[in-house]
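Asker: My questions will all concern the structure given below.
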There are 2 protein chains.
Amino acid sequence: RLLLLLSAAGLAALGAPQPPNILLLLMDDMGWGDLGVYGEPSRETPNLDRMAAEGMLFPNFYSANPLCSPSRAALLTGRLPIRNGFYTTNAHARNAYTPQEIVGGIPDSERLLPELLKEAGYATKIVGKWHLGHRPQFHPLKHGFDEWFGSPNCHFGPYDNKAKPNLPVYRDWDMVGRFYEEFPINVKTGESNLTQIYLEEALDFIRRQQAAQRPFFLYWAVDATHAPVYASRPFLGSSQRGRYGDAVREIDDSVGKMLSLLRTLSIAESTFVFFTSDNGAALISAPSQGGSNGPFLCGKQTTFEGGMREPAIAWWPKHIPAGQVSHQLGSIMDLFTTSLVLAGLKPPSDRVIDGLDLLPTMLQGQLTDRPIFYYRGNTLMAVTLGQHKAHFWTWTNSWEEFRQGIDFCPGQNVSGVTTHTQEEHTKLPLLFHLGRDPGEKFPLSFASTEYQGTLSRITLVVQQHQDTLVPGQPQLNVCNQAVMNWAPPGCEKLGKCLPPPESVLEKCYWPH
Amino acid sequence: RLLLLLSAAGLAALGAPQPPNILLLLMDDMGWGDLGVYGEPSRETPNLDRMAAEGMLFPNFYSANPLCSPSRAALLTGRLPIRNGFYTTNAHARNAYTPQEIVGGIPDSERLLPELLKEAGYATKIVGKWHLGHRPQFHPLKHGFDEWFGSPNCHFGPYDNKAKPNLPVYRDWDMVGRFYEEFPINVKTGESNLTQIYLEEALDFIRRQQAAQRPFFLYWAVDATHAPVYASRPFLGSSQRGRYGDAVREIDDSVGKMLSLLRTLSIAESTFVFFTSDNGAALISAPSQGGSNGPFLCGKQTTFEGGMREPAIAWWPKHIPAGQVSHQLGSIMDLFTTSLVLAGLKPPSDRVIDGLDLLPTMLQGQLTDRPIFYYRGNTLMAVTLGQHKAHFWTWTNSWEEFRQGIDFCPGQNVSGVTTHTQEEHTKLPLLFHLGRDPGEKFPLSFASTEYQGTLSRITLVVQQHQDTLVPGQPQLNVCNQAVMNWAPPGCEKLGKCLPPPESVLEKCYWPH
Ligand SMILES: [Ca+2]
Ligand SMILES: [Ca+2]
């Protein structure tokens, strides 16, 4: 009720100005070092670089997990995956996401950003990858989105529609085709029109809401930079960086077109735009299908900086001063809280919210002390506080996997740090100073006063975090071949329903 | 005579406009990744970042050697060290510079940039480190500089004035004191006023030449970012990056003050300014005394990108368009040729000049194909052509040295690439695509058509280079304790002459 009073509808009734539109641009596996403004040597992102020059750049911005699903669940709930259930306990320190076999998804008990914004009068749309569960109860339109164009999972493939179905592409409630069928991705050439389709969906939605004079929340979650990376024909071969760079260029071009539309419609000053990525570049796919984490250690799947430090740009002309850089430790979860405040709402008070309101940072340059937690599964691997990072566990992947050529840190073997056994340091964490040593290559000496002082400060923060932590029910433990996307709603009309196999519950298995 | 006709004096006589002033800002051991505009996460170089925003940034700019002296000799002669003699043949692929024991220096037969500019009517000054030999015949005022404030060698130390003298600081012809004595550097705290002194020298010179309406060439070769790094008190502790960052901040501040003075004096539009560094960041001194090479492999002493790829910014308001990025493969030797052209001169035609005129690049955005050669001693280690780099030899340092903890590539062990034995690949070079793989971590497959095509192109260029190469007399082979800075000119007045030991010629020894 209080929420309603503060909502867009409420404000409009009072003759108050409409709250700003919110446009979240979430990249998939894009790394900190992939943008020109972050130092990518080929400098092929003129539109994003310009967005940064017109807005605020965050060099110290983090995802909530080194993997897609938990990071996205954290963004939309403002809560760590350990709280919202997006983790597995099937093994120690185990990364997990939502494959087609997953039984779980986003719990009904979680309150999602689109749900809250919708109540406040916003028109809401997700374009692209959902990744919060694909069974009917997890459908994005059941969790606050008015519209959806995209897919519930990653565009892995191609599949043969027998052992596994190809992934469905949805428009709103119904499947309208499948990847590699109606929505082709040529894995050999890398050609696909998907980013162009996602761009059109975004532009169309923006135009419609502007015409209707309705505040909008658009969550643009494209996946062209996730392997297998793809780009449309005009962008294929256009990059000095290979196919991955082609995908980046197409996304950069799309962002430019969106910001340009906002200007053309004269709603740039009433639209808050934020650009970031769900996890670090996947160095296992480098160089042709993986991005760059700049000077940071390792990549996706790890809790080193390369796994979770992200490019991040805020843009809101006439509100956020141009050309700023903020060293605020930011989190993807802050986008939840910040968006609510922008909408005139307050974050839910009946649960722990990890996201901060970044408006004082963005509008007044304020800096707030806060920790960044790095989890794998339900294991707290590391924490950053100020300039210092403590590793309680180090672990990349197993020797067995590593010897098969799966390397999360290619060319970056830091002895005793990028370990292939799970090394516990909870009693005597490895500490790094990220200002002097952003690459996590030089652990502080245990005997130094800097180590001692830092450890006491960090220990306090971690104890407080762990003492009050109530883990959510883990959603990513149970798998079942029968729950895959065999026959999504709408499949009958298309004649694309597939018979599911027998239902067999099993523990999900994650290699790392 | 032709030179004179085209010179400043000649042009002035004809009533032609005065040629532009030339200000070269040469850093010492600063890395590609040390500037905010190149992605340094702490973003502490607002003045250099602004300089880039107002000018042209070169992400693909190279020094001529991974070490100080040869790189500086190449800058001032426009010629590779293998041509101008700044190398040693005492061992295979051996790096060398000019320590106090060096007998050699810049040969009289070389024509230096200040010498040519002086003939054309420029007032010329070097501030800071010379490093082209310290015996009387190598004095910068014998090679074209009108003025000098600085030191002939590196500020290594402290010495006890017995086994070795402390390094002299010169004003013009005479020593005016020594490092660690009259010009203190507190190695414990890192405090020194030297950058402030160097700044004042620059500002004063600029003011005087502007008052005299004389075109000037100022070579500002500061060394605060060379270990032991130093900063003055207001900058000590000001950086998030530790003492190295303090030094960078002070230099950034100084550059800001120089550009600001140019604006105040209304000569910004008639002053060409170029900022770069002599070699990559010294990762052996990291993290507290060494900088960052961003995403590039290894650092100083090596012929990987981290050793020779440099930050580079050109600034010339109203001439070089603002906010440009050029992917021209640039070389520090281009500053020789470009400066001559700016002065209305032609480069000497009686010798091979390796530097290109970058004006068509900077003024019209032209791109010119050219190779970049990476030498250690007289060994061609690698070459870059377009986006491809071929390694003919790989080598960091010896196992023996490495086991003692001297590591040019800390945390960056790329198997078969960062080798600790000198590995020959002249028949089948290791090839990398620097656009897709700037970190030189993924050699191309020998079987690929990309490898085959690239190899033929590169082989041709290398053959042409080697077939026509006439190596200069090596200057860095012979050492002698007696030639050290025991009694530089001016020492009598100061009472600071030291007795030299017996003269014994010996082969210089370089560990790597
Ligand atoms: Ca992802
Ligand atoms: Ca140097």
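The values are calculated or read from the model by the stated rules, or taken from the named source; none is laboratory data. All values derive from a computational prediction rather than experimental measurement. Backbone-built Cβ (ideal geometry, glycine too); neighbour counts: all protein chains shown. These area figures cover heavy atoms from the full protein model, side chains too; ligands, DNA and RNA do not enter into them. Shrake-Rupley method; radii C 1.70, N 1.55, O 1.52, S 1.80 Å.
Asker: Cysteines without a disulfide-compatible partner in chain B, using Cβ under 4.7 Å as the rule?
Answerer: When partners are defined as cysteine Cβ atoms under 4.7 Å apart, chain B leaves B:Cys68, B:Cys154 without one.
Asker: How are the Cα pair distances of region A:295-451 distributed, in percent, across 10 Å bins from 0?
Answerer: Here the calculated profile for region A:295-451 is 10, 34, 30, 20, 7, 0.
Asker: Around A:Gly55, which amide H atoms from residues at least 5 apart in sequence, or from another chain, sit under 5 Å from its own amide H, with H modelled in the peptide plane?
Answerer: Those qualifying (amide H under 5 Å, at least 5 residues apart or on another chain) are A:Gly323, A:Gln324.
Asker: I would also like to ask the following. From the C-alpha coordinates alone, can you work out the Kirkwood hydrodynamic radius of the protein assembly as shown, in Å? Write out the running numbers ahead of the final one.
Answerer: Numbers: mean 1/r = 0.0331 Å⁻¹.
Here the Kirkwood hydrodynamic radius works out to 30.2 Å.
Asker: Other chains' Cβ within 10 Å of B:239-252 residues: what's the mean?
Answerer: Numbers: counts 2, 8, 7, 5, 1, 1, 2, 0, 0, 0, 0, 0, 0, 0.
Mean shielding by partner chains, rounded to a whole number: 2.
Asker: Dipole size in debye (nearest 20) for the protein assembly as shown around its Cα centre, Lys and Arg Cβ +1, Asp and Glu Cβ -1?
Answerer: Details: 86 positive and 98 negative charges, 115 e Å.
Its charge dipole is roughly 560 debye.
Asker: Oh, and also: Explain nothing, just compute: Karplus ³J(HN,Hα) = 6.51 cos²θ - 1.76 cosθ + 1.60, θ = phi - 60°, for every residue of region B:486-499 in order, whole Hz, x for Gly and Pro.
Answerer: With coefficients 6.51, -1.76 and 1.60, one gets 6, 9, x, x, x, 5, 4, 3, 8, x, 10, 7, 10, x Hz.
Asker: Starting from the Cα of B:Leu367, step 7 Å toward the Cβ, then list every residue of region B:413-445 with an amide N under 14 Å from that point.
Answerer: B:434-436
Asker: With a length cut of 15 Å (Cα positions projected on each helix's long axis) and a Kyte-Doolittle mean of at least -0.5, go through chain A and give me the DSSP H helices that pass. Before the final figure, lay out the partial values.
Answerer: On the way: long enough: A:194-212 (27 Å, -0.18); A:243-264 (31 Å, -0.35); A:449-467 (27 Å, -0.67).
For chain A, where a helix must reach 15 Å along its axis and average at least -0.5, the hits are A:194-212, A:243-264.
Asker: Here's another thing I want to ask about it. Taking each residue in B:284-292, count the Cβ atoms of any other chain within 10 Å of its Cβ, then average. What number comes out?
Answerer: Working: counts 0, 0, 5, 9, 4, 0, 1, 0, 6.
Partner-chain Cβ atoms within 10 Å, mean over residues of B:284-292: 3.
Asker: Under 5 Å between amide H atoms, partner at least 5 residues away or on a different chain: which partners does B:Thr98 have, H built in plane at 1.01 Å?
Answerer: Here the answer is B:Ser69, since their amide H atoms fall under 5 Å of that of B:Thr98.
Asker: Taking 8 Å as the Cα distance limit and 6 or more residues as the minimum spacing, I'd like the relative contact order of region B:409-512 as a percentage.
Answerer: Relative contact order comes out at 17 percent.
Asker: Let me ask you something else. What are the ³J(HN,Hα) values, in whole Hz, obtained from phi via the Karplus relation 6.51 cos²θ - 1.76 cosθ + 1.60 with θ = phi - 60°, for each residue of region A:283-292 in sequence order, with x given for Gly and Pro?
Answerer: Karplus values, whole Hz, x for Gly and Pro: 5, 5, 9, 6, x, 7, 10, x, x, 10.
Asker: Output, in nm with one decimal and in ascending order, the distances from the A:Pro511 label point to the matching label points of the other copies (7 Å from Cα along Cα-to-Cβ).
Answerer: Counterpart label points of A:Pro511 in the remaining copies fall at 4.2 nm.
Asker: Give the shape of chain A as rounded, prolate or oblate, defined through the alpha-carbon gyration tensor: a ≥ b ≥ c are the square roots of its eigenvalues, a/c under 1.5 means rounded, and otherwise the shape is prolate if a/b is larger than b/c and oblate if not.
Answerer: rounded
Asker: For region B:435-512, evaluate the Debye formula with one uniform point scatterer on each Cα (no solvent term) and list log10 I(q)/I(0) at q = 0.20 Å⁻¹, rounded to two decimals.
Answerer: -1.02
Asker: A further question follows. What total accessible area, in Å², is buried where chains B and A meet, using a 1.4 Å probe and rounding to the nearest 100?
Answerer: Numbers: alone 18860 and 18900 Å², together 35090 Å².
Summed over both sides, the interface buries about 2700 Å².
Asker: May I pose another question? Report relative contact order for chain A in percent, whole number only (criteria: Cα-Cα under 8 Å, sequence separation at least 6).
Answerer: Working: 1220 pairs, mean separation 124.1, N = 512.
It comes to 24 percent, rounded to a whole number.
Asker: If you average the alpha carbon positions of region A:454-470 and of region B:406-476, how far apart do those two centres end up, in angstrom?
Answerer: 49 Å
Asker: What's the center-to-center distance, using Cα atoms, between region B:325-339 and region A:226-292 in Å?
Answerer: Result: 31 Å between the Cα centres.
Asker: Before I look further, what does chain B give for accessible area per residue, probe 1.4 Å, in whole square angstrom? Please list the in-between numbers first.
Answerer: On the way: 17520 Å² over 512 residues.
On a per-residue basis, 34 Å².
Asker: Same structure again: Using the beta-carbon distance between A:Thr189 and A:Arg214 and R0 = 56 Å, what value does 1/(1 + (r/R0)^6) give for FRET efficiency, to the nearest 0.05? It would help to have the intermediate numbers written out before the result.
Answerer: Numbers: r = 40 Å, r/R0 = 0.72.
Once rounded, the FRET efficiency stands at 0.90.
Asker: Separate question: What 222 nm value per residue comes from the helices of chain B, counting each DSSP H run with n ≥ 4 as -39,500 (n - 2.57) and dividing by all residues, nearest 500 deg cm²/dmol? Don't skip to the answer; put the middle values down first.
Answerer: On the way: 14 runs with 130 residues, N = 512.
The per-residue figure over chain B is -7500 deg cm²/dmol.
Asker: Can you list residues whose amide H is under 5 Å from B:Leu297's amide H, if they're 5+ apart or on another chain and H is modeled 1.01 Å from N?
Answerer: Placed amide hydrogens put B:Glu305, B:Gly306 under 5 Å from B:Leu297.
Asker: Show which aspartates and glutamates lie in cross-link reach of B:Lys346 when reach means a straight Cα distance below 14 angstrom and same-chain residues fewer than eight apart are skipped.
Answerer: The reachable aspartates and glutamates, counting only those whose Cα sits under 14 Å from B:Lys346, are B:Glu115, B:Glu119, B:Asp334, B:Asp354, B:Asp357.
Asker: Find the relative contact order for region B:132-254 and round it to a whole percent, using C-alpha pairs within less than 8 Å whose residues are 6+ positions apart. Don't jump to the answer; show the numbers that get you there.
Answerer: On the way: 159 pairs, mean separation 22.4, N = 123.
RCO, region B:132-254: 18 percent.
Asker: In whole Hz, with x marking every Gly and Pro, tabulate ³J(HN,Hα) for region B:348-361 from phi via Karplus 6.51 cos²θ - 1.76 cosθ + 1.60, θ = phi - 60°.
Answerer: x, 9, 9, 7, 6, 10, 8, x, 9, 7, 8, 4, x, 5
Asker: Could you work out, residue by residue across A:271-282, how many beta carbons of other chains sit within 10 Å of that residue's beta carbon, and then give the average as an integer? Each step should come with its number before you reach the end.
Answerer: Numbers: counts 0, 0, 0, 0, 0, 0, 0, 0, 0, 0, 0, 0.
For this peptide, the per-residue mean of nearby foreign Cβ atoms is 0.
Asker: So what is log10(I(q)/I(0)) for region A:172-234 at q = 0.22, 0.25, 0.26 1/Å, when the Debye sum runs over its Cα atoms only?
Answerer: -0.97, -1.10, -1.14
Asker: Computed FRET efficiency, Cβ-Cβ of B:Arg263 and A:Glu200, R0 56 Å: what is it to the nearest 0.05? The partial results should precede the final answer.
Answerer: Working: r = 47 Å, r/R0 = 0.84.
Efficiency, from the Cβ-Cβ distance: 0.75.
Asker: Once you put a point 7 Å from the Cα of A:Leu469 and another 7 Å from the Cα of A:Glu400, both along the Cβ direction, what distance in nm separates them?
Answerer: 2.6 nm
Asker: What's the minimum Cβ distance from chain A to the axis relating it to B, in whole Å, and which residue gives it?
Answerer: Chain A residue with minimal Cβ-axis distance: A:Gly39, 1.
Asker: Could you work out what % of the accessible surface of chain A is carbon and sulfur, using a 1.4 angstrom probe and leaving DNA, RNA and ligands out of the count? Write out the running numbers ahead of the final one.
Answerer: Values: 9640 of 17570 Å².
The C+S portion of the solvent-accessible surface of chain A is 55 percent.
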